[in-house]
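The next block holds one structure in the form of structure tokens; read it before the comments.
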Amino acid sequence: MYNLKKEVPESDEATEPPSTGQREIGLVSFDPLSPNRIDDTYAEWDTHETIEAVRSALAQFHNVTLIEADANAYLKLSTLRPDLVFNVAEGFGGVSREAQIPSILEFLRIPYTGSDPLTLATCLDKARTKEVLKHHGIPTPHFSLISEMSELAGAYVKYPAIVKPLHEGSSKGIRNSSVVQNWDELWKEVGTIIETYSQPALIEEYLDGKEYTVALLGNGEEVQVLPIVELNFDHLPPGVRRIYSYEAKWIWDRPESPLEIFECPARMPAALQHDIETLCCRAFTVLRCKDWCRIDVRLDAAGKPNILELNPLPGILPKPEDNSCFPKAARAAGLSYAQLIQTVLHGAARRHGLLKPLASSTRLAVGEARVA
């Protein structure tokens, strides 16, 4: 199951690359009231290219049926009754949107890949995720949650801080301006999040250390940590914040001119690598993730790793130049894109009680969600 990314109109000037050839801040307006504001509504959804890459990988050994995850998804699934669904659907609308398709599949008792509705809904709520991590003694930056502007005066904030939407992924709502240094900047960013996304704003302690993203595959004691990816912000445009913002992910980083900010395997002391891998395995376990997950980690001033967030429905763009971190880590581990997809499938098949690899006659379902 998947969501098909809607095309951004070509007339939207904000999507155009800088005409000077320089990746400069200020060339794109991010004012929510501006007609040129970037529309990131479908940033989490997949392109035809990604969908076809997943289908092709599955089709090497299985019969694959494409099913749209729209309002007709329930009827189609209940009629087809696939043996297993490979799920990458992000859903649309509501704080539990990533749980929509898995909930339907559980109702129909159809096995599927990836985490269950509870884990997906929990991890999409950054504050709830951090509460679970803190309960288990897993380091994560301190935070405050603001639902209304009137709550801001009573919030504890240590500058610099970073402001994020509570229920978004793919760097949605995280802009260069999201790192704030004072009250005026904080007020503006919190207001922008609440107004633009109609959801609470998460104010998080800003950690200025190195940042890593960690891909995990498997279940239980067989969870495998793939080579760690470092995000080297020294290669961002001069003067911008050291964060993987929406601009860095979707504006400055283009296939024809990719940002050279990724290093995999990351070079680090063995002790730090051990600490990060152990921390991520603990987070994977306590949030009850299944089959795969990508976890973002950042070091604090003392060099101690902190969990930023978990992504149990990770992005999997197929082309190396797209800088999609999970496939990047898989390639560093010696796995092709097709092998990555097949590994996730096999792990889910074992978890669902299929004790050996699925036979070639097995039918799989991959679907698409479109907004009317």
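Throughout, read-outs are computed from the coordinates displayed, never taken from laboratory work. Remember, it's a predicted structure, so these values are computed and weren't measured experimentally. Neighbour counts run over all protein chains shown; Cβ positions are idealised from the backbone, glycine included.
Table for the structure above
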item	result
Euclidean distance of C-alpha centroids, segment 258-279 and segment 103-178, integer Å	24
Simple label model, 7 Å out from Cα along Cβ direction - A302 to D208, nm	1.8
Loop trypsin sites (Lys or Arg not before Pro), segment 260-291 (other Cβ atoms within 10 Å of the site Cβ: 13 or fewer; DSSP)	R267
Summed side-chain charge close to G114 - residues other than G114 whose Cβ falls under 11 Å, Lys, Arg +1, Asp, Glu -1	-1
Inter-label distance for R351 and L80, nm, one decimal - labels placed 7 Å from Cα along Cα-to-Cβ	2.1
J(HN,Hα) series, segment 61-69, from Karplus relation 6.51 cos²θ - 1.76 cosθ + 1.60, nearest Hz, glycine and proline x	10, 9, 7, 10, 10, 8, 10, 6, 8
In Å, descending, principal axis extents of the Cα set of segment 142-206	26, 22, 20
S198, S96 arranged by Cβ crowding within 10 Å, fewest neighbours leading	S198, S96
Cα centre as origin, Lys/Arg/Asp/Glu Cβ charges: segment 164-215 dipole, Debye	180
In nm, spacing of pseudo-spin labels at E52 and E221 (7 Å Cα→C-beta vector)	4.4
Under Karplus coefficients 6.51, -1.76 and 1.60, residue-wise ³J(HN,Hα) of segment 307-321 in Hz, glycine/proline x	7, 8, 6, 10, 10, x, 10, x, x, 9, 4, x, 7, x, 5
Net charge, L279 excluded, C-beta distance under 15 Å - Lys, Arg +1, Asp, Glu -1	+1
Neighbour-count order for V214, V95, fewest beta carbons within 10 angstrom listed first	V95, V214
Selection from I316, Q342, A301 lying farthest towards where the dipole of segment 284-346 points positive, charges on Cβ	Q342
Over segment 172-242, relative contact order from alpha-carbon pairs under 8 Å, at least 6 apart, %	24
Backbone HN-Hα couplings from phi across segment 292-301 [Karplus 6.51/-1.76/1.60, Hz, Gly and Pro as x]	6, 5, 10, 10, 8, 10, 9, 8, 8, 4
V132, V190 arranged by Cβ crowding within 10 Å, fewest neighbours leading	V132, V190
Gain on full stretching of the segment that runs from V95 to A71 - 0.36 nm per residue minus C-alpha separation	6.8 nm
Cα gyration tensor, segment 208-349 - rounded (a/c under 1.5), prolate or oblate	oblate
Cβ-based net charge around Y206, under 13 Å, with every Lys or Arg adding one and every Asp or Glu removing one	-2
